[in-house]
Amino acid sequence: MFFQINHNKNSINSFSPYAVSEFSKIILEYLNKYYNKKNYKELIIVCIGTDRSTGDSLGPLVGYKLYPFFKKNNKVHLFGTLDNPVHAKNLKENINFIKSTFDNPFVVAIDACLGNIDRIGYVKVEKGPLKPGAGVNKNLPEIGDIHITGIVNISGFMEYIVLQNTRLSIVMKMADVISKSFYLSYIQFYKNNIQTIHK
């Protein structure tokens with residue numbers, strides 16, 4: 001469930017040897033700035049995509065990799081894994097469940113996207129909701145207080161075919177960087193705000 005993306009200062013090349021270190025700092029900055037501890041309670045991670053398309057599997061792969069870290073954390077709730085993906089057909093259902101179950105959660109949305117050929121492999125974090133499906137003119141609900149995306153392939157021509165022919169090695173590398181970076185940033189955020197989180 002991908003969309004198109006433009007490069008800015010908040011993106012990192014996932015093939016850089018310093019990718020995890022640098023991207024975790026960016027995510028931590030966003031958590032510190034927008035995850036207001038006084039207003040938000042639980043942290044919700046929604047990894048969007050499907051395992052039926054290589055290029056669109058970034059979200060479920062990230063969810064799969066994050067699950068062991070957060071499965072016993074009652075303050076962090078993860079949606080979207082390889083076993084239980086969040087995709088176009090059930091996105092609205094999952095959003096409604098989150099709204100009806102959690103009291104003012106902070107939502108982080110994670111998804112694949114398409115972009116310029118020289119940006120393939122870049123991961124990015126931005127403020128505001130993700131707009132899944134925009135790259136293929138799908139009208140899907142927005143989600144997220146912040147969102148993380150990764151450019152898995154080129155945009156502009158036969159997007160569905162491009163996604164099906166995306167190299168799994170690229171997607172796996174990006175999933176590693178996003179999952180490790182997010183976990184490290186959350187651990188640091190938790191240490192900095194442990195008293196507030198336990199209230």
Apart from one, (1) touching a residue at least 60 places away in the same chain (Cβ under 8 Å); (2) surrounded by fewer than 15 Cβ atoms within 10 Å (Cβ to Cβ); (3) under 28 Å from Pro17 (Cβ atoms) all hold for Asp103; the odd one out is (3)
Going through the stretch 153-181 in order, the residues found to be under 21 Å from Tyr18 (Cβ atoms) and either crowded, with 23+ Cβ neighbours inside 10 Å or in contact (Cβ under 8 Å) with a residue 40 or more places away in the chain (or both) are Ile170, Val171, Met172, Lys173, Met174, Ala175, Asp176, Val177, Ile178, Ser179, Lys180, Ser181
When restricted to Lys131, Lys124, the only residue in contact with a helix residue (DSSP H, G or I) (Cβ under 9 Å, 6 or more places away or on another chain) and within 22 Å of Lys33 (Cβ to Cβ) is Lys124
Residue hits (the stretch 142-152; surrounded by fewer than 23 Cβ atoms within 10 Å (Cβ to Cβ) and within 21 Å of Leu28 (Cα to Cα)) are Asp145, Ile146
Pro132 vs (1) within 14 Å of the chain's Cα centre (by Cα); (2) at pLDDT 95 or above; (3) farther than 23 Å from Ala19 by Cβ: all pass except (2)
Yes or no: the stretch 68-76 includes at least one residue that is of a type in the set (D, E, K, R) and more than 22 Å from Gly128 (Cα to Cα). yes
Restricting the stretch 1-45 to residues that are of a type in the set (Phe, Trp, Tyr) and modelled with pLDDT of 85 or more, the one nearest to Ile161 (Cα to Cα) turns out to be Phe15
Within the stretch 96-120, the residues that are under 30 Å from Arg167 (Cα atoms) and out of contact with any Asp or Glu (no Cβ under 9 Å at 6 or more places or on another chain) are Ile110, Cys113, Gly115, Asn116, Ile117, Asp118, Arg119, Ile120
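The values are calculated or read from the model by the stated rules, or taken from the named source; none is laboratory data. Because the structure is a prediction, the values reported are computed rather than measured. Ideal geometry is used to build each Cβ from the backbone, glycine not excepted, and the neighbour counts take in all protein chains shown.
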